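The values are calculated or read from the model by the stated rules, or taken from the named source; none is laboratory data. Given the structure is predicted, the values throughout are model-derived calculations rather than measurements. No Cβ is skipped: glycine too gets one built from the backbone with ideal geometry, and neighbour counts run over all protein chains shown. Heads up: the accessible areas ignore ligands, DNA and RNA and are worked out on the full protein's heavy atoms, side chains in. Shrake-Rupley method; radii C 1.70, N 1.55, O 1.52, S 1.80 Å.
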Amino acid sequence: MLHALRQAKAQATATVAARVGIGGPVGSGKTALIEALIPVLQRRGVDFAVVTNDLVTKEDAERLRRSGLIDPDRVSAVEAGACPHTVIREDPTLNIAAGDELEARFPGVELILFESGGDNLASTFSLDLVDWWIFVIDVAGGDDIPRKRGPGLLRCDLLVVNKIDLAPHVGVDLDRMLADARQVRGGKPVIATNLKAGTGVEAVADAISAAVLFRI
Amino acid sequence: MLPLLRAIWQADAAFPSGAFAFSYGIEGALALRPDMSLGEFERLCAAVLQQRWASYDRIALQRAFRAGRDLDALAAVDREIEASTMIEALRAGSRRNGASFLAAHARLGQPLALKLRAQVKAGDCLGHIAVMQGAIWAALQLDEQHAALCSAYTVASGLITAAVRLGAVGALQGQSVLQALLPLIDALVATPLDDDAELESFIPILDIAAARHVHAELRLFAN
């Protein structure tokens with residue numbers, strides 16, 4: 001009886017591919033991070049797909065599909081019903097179903113990236129949906145962002161601080177911003193990126209590989 | 001009281017089933033009629049309940065409820081919905097909502113949901129929401145009438161929630177509309193259904209709105 005129950009539970013929650021969330025405010029660079037990761041993951045032989053949660057349009061999904069970087073069929077768009085946080089936290093079932101559908105269509109897929117619609121610092125991913133998640137903020141949002149200690153920034157598995165090249169132009173003390181981020185996160189990882197130049201992308205791919213693909 | 005409690009559980013908007021991302025055609029209708037008054041909105045909601053839910057969703061729900069664990073019978077109702085829903089966006093939306101509903105119950109370990117999810121994955125079943133609700137709610141031992149109330153209420157509250165999120169009505173205005181719709185839901189559910197009732201739906205403005213919505217540049221909801 002106990003064995004049967006355990007089997008049913010395992011069957012209920014079993015997913016084939018590792019599921020990674022990428023959240024963060026509008027314009028912080030979530031889509032840019034995926035665009036930068038695609039060639040790196042491809043070079044490493046990772047079989048992956050992407051689910052986007054555009055808030056209003058299908059802009060992000062279409063941007064990835066038209067990028068020429070990835071088979072457009074490997075990009076699914078899930079409408080967020082005006083609630084970008086609901087679709088990844090309170091009710092992630094549309095995203096779970098989209099992931100299941102990608103797994104069914106691409107049997108070898110080992111990683112699915114879920115891009116959240118742009119939200120605020122309070123947005124977090126449900127662990128029903130993802131195994132591990134990244135939160136992206138950007139330097140141009142101000143160096144006080146880490147000190148605001150939003151749940152997204154504090155609870156994510158990896159914090160990415162993007163657009164570091166803009167720091168001198170927007171009056172941000174980058175070293176202090178990164179130190180604040182590490183301090184409020186209690187030592188959990190923080191990676192600084194300039195996605196336009198590719199800075200930090202390999203480190204993000206390394207973190208994903210180590211955390212959910214078990215490749216060091 | 002347990003069947004009633006289970007119905008409340010399933011009608012609760014906090015139960016994750018993907019329904020929040022569907023506007024039931026309201027987003028498209030508001031794009032066509034951005035100046036819709038509260039009275040017009042209430043009449044539109046009533047029309048959805050009378051001319052779509054009662055004559056279509058309810059019949060599919062009841063057939064699925066009575067089919068129970070008969071997967072072939074469930075697949076037959078599913079195919080009938082697919083064949084009789086003219087607008088592609090509504091067909092696809094119903095399947096996607098059904099898939100989300102199944103995903104939730106499958107994750108909760110409901111045995112029939114696991115079987116149905118496998119059926120949908122294999123292409124043996126399409127997974128329309130009314131069919132999945134009927135089958136799963138029967139498996140959860142809801143009372144048949146409670147299941148119908150649950151279905152009608154979630155449609156009504158879904159319409160209101162979508163309109164509130166779109167800024168078309170205020171949160172409390174929406175609740176006044178929902179409150180006004182409750183006697184209609186009660187009356188519709190109390191009306192007996194013929195065993196041979198056929199699926200019928202006719203709300204041209206919503207069908208046109210849903211068809212236009214697919215091509216809309218800006219859209220918050222899946223349909």
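Details
- Options A:Val130, A:Val160; residue that is in a loop (DSSP other than H, G, I, E, B) and crowded, with 18+ Cβ neighbours inside 10 Å: A:Val130
- Candidates are the residues of segment A:165-193 that are in contact with a Gly (Cβ under 9 Å, 6 or more places away or on another chain) and under 22 Å from A:Trp132 (Cα atoms); the one that is surrounded by the most Cβ atoms within 10 Å (Cβ to Cβ) is A:Thr193.
- Failed item in (1) crowded, with 21+ Cβ neighbours inside 10 Å; (2) within 12 Å of chain B (Cβ to nearest Cβ); (3) modelled with pLDDT under 90, with A:Ala61 passing the rest: (2)
- Within segment B:67-79, the only residue that satisfies the criterion of being within 18 Å of the chain's Cα centre (by Cα) and surrounded by fewer than 17 Cβ atoms within 10 Å (Cβ to Cβ) is B:Arg79.
- Boolean, B:Ala92 is more than 9 Å from chain A (Cβ to nearest Cβ), within 21 Å of A:Glu79 (Cβ to Cβ) and open to solvent by less than 50 Å² (accessible area, probe 1.4 Å): yes
- Qualifying residue in segment A:28-36 (condition: more than 14 Å from chain B (Cβ to nearest Cβ), in contact with a strand residue (DSSP E or B) (Cβ under 6 Å, 6 or more places away or on another chain) and more than 17 Å from A:Gly200 (Cα to Cα)): no
Yes or no, residue by residue, for (1) at pLDDT 95 or above; (2) assigned to a helix (DSSP H, G or I); (3) within 25 Å of B:Leu2 (Cβ to Cβ); (4) out of contact with any Ser or Thr (no Cβ under 9 Å at 6 or more places or on another chain):
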residue	(1), (2), (3), (4)
B:Leu142	yes, no, yes, yes
B:Gly167	no, no, no, yes
B:Gly174	yes, yes, no, no
B:Asp195	no, no, no, yes
B:Leu218	no, no, no, no
B:Asn223	no, no, no, no
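- Given (1) small (Gly, Ala, Ser); (2) in contact with a strand residue (DSSP E or B) (Cβ under 6 Å, 6 or more places away or on another chain); (3) in a loop (DSSP other than H, G, I, E, B), index of the condition A:Gly117 fails: (2)
- Within segment B:104-118, the only residue that satisfies the criterion of being within 7 Å of another protein chain (Cβ to nearest Cβ), aliphatic (A, V, I, L, M) and over 17 Å from B:Gly18 (Cα atoms) is B:Leu114.
- Selected residue (only one of B:Leu193, B:Leu166 is open to solvent by 30 Å² or more (accessible area, probe 1.4 Å) and within 16 Å of B:Gly25 (Cα to Cα)): B:Leu166
- Scan segment A:102-119 for residues that are within 13 Å of chain B (Cβ to nearest Cβ), surrounded by fewer than 18 Cβ atoms within 10 Å (Cβ to Cβ) and either over 16 Å from A:Val46 (Cβ atoms) or touching an Asp or Glu at 6+ places or on another chain (Cβ under 9 Å) (or both) and the total you get is 2.
- Residues that are within 14 Å of chain A (Cβ to nearest Cβ) and open to solvent by less than 30 Å² (accessible area, probe 1.4 Å) do occur in segment B:28-47, at least one of them.
- Candidates A:Ala140, A:Ala97, A:Ala122, filtered to the one that is open to solvent by 10 Å² or more (accessible area, probe 1.4 Å) and under 23 Å from B:Ile129 (Cα atoms): A:Ala97
- When restricted to residues that are in a helix (DSSP H, G or I) and either within 14 Å of the chain's Cα centre (by Cα) or more than 16 Å from A:Ile96 (Cα to Cα) (or both), segment B:103-133 contains 10.
- Just one of (1) facing another protein chain (nearest Cβ under 10 Å); (2) assigned to a helix (DSSP H, G or I) fails for A:Asp165. It is (1).
- For segment A:82-100, residues that are facing chain B (nearest Cβ under 8 Å) and part of a loop (DSSP other than H, G, I, E, B) total 7.
- Among (1) assigned to a helix (DSSP H, G or I); (2) more than 18 Å from the chain's Cα centre (by Cα); (3) at pLDDT below 95; (4) not β-branched (Val, Ile, Thr), the one test that A:Met177 misses: (3)
- Looking only at residues of segment B:1-24 that are under 20 Å from B:Leu188 (Cβ atoms) and within 14 Å of another protein chain (Cβ to nearest Cβ), we find that the one that is surrounded by the most Cβ atoms within 10 Å (Cβ to Cβ) is B:Tyr24.
- Test for B:Ala99: is it in a loop (DSSP other than H, G, I, E, B), open to solvent by 20 Å² or more (accessible area, probe 1.4 Å) and within 14 Å of chain A (Cβ to nearest Cβ): no
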